[in-house]
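Here the structure comes first, spelled out in structure tokens, and everything after it is commentary.
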Amino acid sequence: MLPGMRAKPRIAIVGPGNLGTALALSLAEAGFVVDAVIGRSRKSLREARQLAKRAAVLPTTDLGTTQSDLIWICVPDSQIASAARTFATKLAWTGRTVFHSSGALTSDELDPLRRLGASVASVHPLMTFVRGTRPSLAGVPFAIEGDPAAARVARLIVRDLGGSSFTILKKYKPAYHAWGTFASPLFTALLATAEELAASVGVRRKAARQRMIPILQQTLANYAAFGAPRAFSGPIIRGDVETVRRHLSVLAKLPAAMHVYSALAMAALQYLPTKSKSTIRKTLRPSGR
């Protein structure tokens, strides 16, 4: 911890959105004093108050009212640097710790506060947060990058939240965030594409979602237990070129789904055990495309 800091620092959360509110609740449940949740609009603060009824927090629009040791900024990436510039005149920063939770941006976004004596870090949970849900942070990995003192504080907090932490170098932040984007947002886009294909044959999206759940759950279970190569199944691993051709034929009426299928099939040829690689590759890229 920083010199003079409490064993469990008092924390203010800036940005009562999906992540900020879930984080406030988890911190409070882990024994931290979350003495402020700071938002730009009273509407966002009302929503945070409804979700955070169990946490003893003070919804406010004024950072200057907080006595927190640690300020945790959970605003959109495009607002982090401007928030740091705005906050620079609000408090005395020497001895304070400041985090932001961007997966793609580095701690340098907080340079205005670093120059004023704050110890800063980027602390990003590899988890998805959507409206109306509050995922547990137990077992969640947090990517940490920043000043050594701030990183040390972050690791202790993550431990108390039941998560795990690992160090990420500044130069790897964009690639790290792209990795996380594949794991959840783009995975969700894949599921939406599957629903679209189901709809094209008369299966309603809600029914398609329900019918896909068993195979999705087993696929994730196989992936968790065995890794990607042994979890992979279907026509491409068998080298079933004719089935791939039939798929492409029906997908011709759904160009977006066709592109997704082709891109993922090419990735399978690159990263997974497959047969008839050359023939399938030519099938996916006719006429040399």
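Throughout, read-outs are computed from the coordinates displayed, never taken from laboratory work. Keep in mind that what you see is a predicted model, and the values were worked out from it rather than measured.
The candidate values were (1) 55, 22, 17; (2) 35, 23, 20; (3) 44, 21, 17; the one computed from these coordinates for semi-axes √(5λ) of the Cα gyration tensor in Å carries the label (3). Taking a straight line from the alpha carbon of Lys253, these aspartates and glutamates sit under 20 Å away, with near neighbours fewer than eight places off in the same chain left out: Glu195, Glu196, Glu242.
Working from Cα positions, state the angle (0 to 90°, nearest 10) between the long axis of helix 241-251 and the longest principal axis of the chain. So the inclination is approximately 70 degrees. A straight line joining the Cα centroids of region 174-206 and region 247-289 runs 17 Å. When the C-alpha to C-alpha distance is required to be over 26 Å, the pairs from Lys8/Lys90; Lys90/Lys173; Lys171/Lys275 that qualify are Lys90/Lys173; Lys171/Lys275.
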